[in-house]
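Structure first, commentary second.
Taken together, the values in this text are just the output of simple stated rules run on the coordinates, not laboratory data. Values in this document were obtained by computation on a predicted structure and should not be read as measured data. Ideal geometry is used to build each Cβ from the backbone, glycine not excepted, and the neighbour counts take in all protein chains shown.
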Amino acid sequence: MRRRPLATVRARTALGASLALGIALLLSASTAGGLLRRPRPYQLWAEYRGMTVALLWETNPERYHQICRAVLRAREQAADA
């Protein structure tokens, strides 16, 4: 059995550890990047005949708030009538 110098073993161990760390960082960065790029969903739910139903699923916050304001105005007009 041929014995390797201790410096060679340390160099290979350091290289392996560096490679594993690099791969782990790359995977975590790509996962975090994917989560940051995905827009946050805005949801509008209502009760209808005893069931909870989804009325809207929107990723554009400006459009979501416009629709919510319109729904509130319609409810206020219905209550006044």
Self-check item: Residue that is surrounded by the most Cβ atoms within 10 Å (Cβ to Cβ) [pool: residues in segment 55-81 that are closer than 16 Å to residue 40 by Cα and charged (D, E, K, R)]
Solution: 58
Exercise. Tell me which of these residue 52 doesn't satisfy, since it passes every other one: (1) surrounded by fewer than 11 Cβ atoms within 10 Å (Cβ to Cβ); (2) in a helix (DSSP H, G or I); (3) β-branched (Val, Ile, Thr).
Key: (2)
